[in-house]
Amino acid sequence: MSKRWPDNRVCALLGIEHPIIQGGMIHNSGADLAAAVSNAGGLGLLGSGGMRPDELRLEVRRARSLTDKPFGVNLPLLYSHAPENLQVALEEGVRILFTSAGSPRKVIGPLKEAGCVSVHVVAHPDLARKCEAAGCDAVVCEGFEAGGHNGREELTTMVLTPQCVGAVRIPVLTAGGIATGAQMAAALALGAEGVQIGSRFAATVEGAGHPDFKRAVVEAGPADTQLVLKPHVPVRLLRNAFRDRIMRMEAAGATAEELAAELGTGRARRGMHDGDLTEGELEIGQVAGLIDDILPVADLMPRLLAEYDEAVSRL
Ligand SMILES: Cc1cc2nc3c(=O)[nH]c(=O)nc-3n(C[C@H](O)[C@H](O)[C@H](O)COP(=O)(O)O)c2cc1C
């Protein structure tokens, strides 16, 4: 365990050196990214949301060939293939599961039977309490700055973190708006015992997104993301023709069904995997405005740690 964080419960729980989790990201976090983060002392997560069960099986095996450190799987529970993906993860020996977008009660039984560490992503302190009662080992509280699907309540990381820390005794990790070591220091100052970082890791050499998507993240300005599709499934998206059309529909009072029809299927793949910057869904956090380069993880992690040290000594 690093001297920076003695007795850190997240490091102890997950068997990692630094309490930095690379969040599961649909179409962005495959074996290359997860293994690179784990090799650098954090915890990499395979984002199973966009993977069919056979693809997930291959990615788990590939990640294992790239690292001998712990890594995990993110399982968004809203997808119809989530039960099969859970089965595959367990069969392949994965013992760290970060679930999201649903109730952890649905899966906690099989996870505990298999001896897994179970962490759930929440956007409200009440859900953090329910996770603790259900038997989760930790929660990630994710503020509304975050990239990807998001809580309807719009609680920001700064406000949500201390509320979740006050609500439960299990460790709380913070996500949403963290791309620098100074922001990590802020999260730990609020009582979090670790951070989950998404957008910053999407813009890395190992990130599985299309190169044009990564470039768009680097070019994004401070106010280029917006939470949209709130009546359907709230998601934070980068500005483009598709998102502008959705926002016009919302302003005109479109129903959840109309928005779902306009979204259609496969938009996220089209945007982030295929690189259609005009009509695809480009999920990224507010913090994109702070991301100026696409780095290898082996350079990014030491930078985050140096920035963390600098911020702490400045205080
Ligand atoms: C491109 C992208 C895709 C994401 N996909 C998922 C996902 O499949 N499952 C999930 O639980 N969270 C997903 N997230 C959320 C991240 O795991 C993480 O919690 C979030 O990015 C943290 O906020 P940040 O982007 O400000 O770092 C995604 C985020 C991004 C940026």
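Miscellaneous remarks
- Sole exception among (1) within 14 Å of the ligand (Cβ to nearest atom); (2) out of contact with any helix residue (DSSP H, G or I) (no Cβ under 9 Å at 6 or more places or on another chain) for GLY109, by number: (1)
- Wholly within the range 19-111, strands (runs of 3 or more DSSP E) carrying at least 3 residues that are of a type in the set (A, V, I, L, M, F, W, C) and within 26 Å of VAL235 (Cβ to Cβ): 43-47, 71-76, 96-100
- Only one of LEU190, LEU155 that is assigned by TED's automatic domain parsing to the domain that holds ASP299, more than 9 Å from the ligand (Cβ to nearest atom) and out of contact with any Phe, Trp or Tyr (no Cβ under 8 Å at 6 or more places or on another chain): LEU190
- Output for the range 128-152, where each listed residue is more than 13 Å from the ligand (Cβ to nearest atom) and in contact (Cβ under 8 Å) with a residue 12 or more places away in the chain: ALA128, ARG129, LYS130, CYS131, GLU132, ALA134, GLY135, CYS136, ASP137, ALA138, ARG152
- Taking the range 11-62 as the range and being under 26 Å from SER313 (Cα atoms) and either modelled with pLDDT under 95 or within 15 Å of the ligand (Cβ to nearest atom) (or both) as the test, the residues that pass are PRO19, ILE20, ILE21, GLN22, VAL37, GLY42, LEU43.
The values are calculated or read from the model by the stated rules, or taken from the named source; none is laboratory data. From a predicted model like this one, the values you see are computed outputs, not experimental measurements. Glycine also receives a Cβ, built like all others from the backbone with ideal geometry; neighbour counts cover every protein chain displayed.
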